[in-house]
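The values are calculated or read from the model by the stated rules, or taken from the named source; none is laboratory data. Note that the structure is a prediction, hence the values are computed from the model and not measured. Because the Cβ atoms are built from the backbone with ideal geometry, glycine has one as well, and the counts that use them run over all protein chains shown. Side chains included, ligands, DNA and RNA excluded: accessible areas come from the protein's heavy atoms. Shrake-Rupley method; radii C 1.70, N 1.55, O 1.52, S 1.80 Å.
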Amino acid sequence: MAANFWTSSHYKQLLDQEEVDVVQSLDKDRGITLEDFKLIKMHMANYILKLAQNVKVRQRVVATAITYMRRVYTRKSMTEYDPRLVTPTCLYLASKAEESTVQARLLVFYIKKIQSDEKYKYEIKHILEMEMKILEALDYYLVVFHPYRALSQLLQDAGLNDINMTQLTWSNRWCAHTSRTRCLSKLQIFKYGKGDCATLALIRRAGDL
């Protein structure tokens with residue numbers, strides 16, 4: 001992976017907001033509006049976070065999983081790719097990509113524990129099958145350039161380089177919020193850049209103290 005975001009392959013993959021907020025024709029036929037589309041993705045991001053807290057993976061895995069989910073739905077419909085299955089599968093795939101592997105059977109266990117609705121209760125084979133479909137939808141491109149490195153450097157430069165401050169600055173809550181508000185979409189990345197998004201995270205958390 002490139003050390004500089006501006007020269008990374010992730011930078012070349014960025015989309016404009018108008019390209020992200022597109023409801024696929026199959027979903028439109030089922031009556032899904034743009035507002036519905038956004039709400040479903042917000043729910044999915046929260047579901048990923050809830051599953052991640054149960055299987056105890058690193059924050060980076062959560063951010064990667066949410067990124068994969070968002071990338072999938074810029075290309076595929078929710079009619080073809082059921083969000084209830086895509087969500088845990090993205091977390092499963094992200095855990096492998098970030099070298100923090102979670103076993104599929106553990107995900108299935110917590111899915112059944114968290115969700116009472118039978119429509120959520122998929123088995124291991126379903127996750128493995130969906131993993132292949134997601135890989136195809138992503139064109140096997142799994143690189144995600146996160147601002148964690150820039151954040152660590154900022155904390156060090158500010159003399160705040162301790163584990164508690166790092167965890168507080170980039171908490172689960174902030175990551176989920178960032179994903180939902182698309183801080184790293186093309187429009188805002190041109191305005192701020194990855195390092196500046198890390199700065200915004202630091203300032204925001206400092207304001208919460």
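Tabulated data
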{"read-out": "Some residue of the stretch 1-8 being in a helix (DSSP H, G or I), small (Gly, Ala, Ser) and either in contact with a Ser or Thr (Cβ under 7 Å, 6 or more places away or on another chain) or at pLDDT 95 or above (or both)", "value": "no"}
{"read-out": "Residue match in the stretch 122-140 (condition: part of a loop (DSSP other than H, G, I, E, B), open to solvent by 10 Å² or more (accessible area, probe 1.4 Å), under 30 Å from GLU18 (Cβ atoms) and of a type outside the set (Asp, Glu))", "value": "yes"}
{"read-out": "Qualifying residue in the stretch 20-30 (condition: closer than 21 Å to LEU151 by Cβ, at pLDDT below 95 and open to solvent by 20 Å² or more (accessible area, probe 1.4 Å))", "value": "no"}
{"read-out": "Residue in the stretch 64-75 that is in a loop (DSSP other than H, G, I, E, B), open to solvent by less than 70 Å² (accessible area, probe 1.4 Å) and out of contact with any Leu (no Cβ under 8 Å at 6 or more places or on another chain) present", "value": "yes"}
{"read-out": "Check on ILE114, among the hydrophobic types (A, V, I, L, M, F, W, C) and surrounded by fewer than 16 Cβ atoms within 10 Å (Cβ to Cβ)", "value": "yes"}
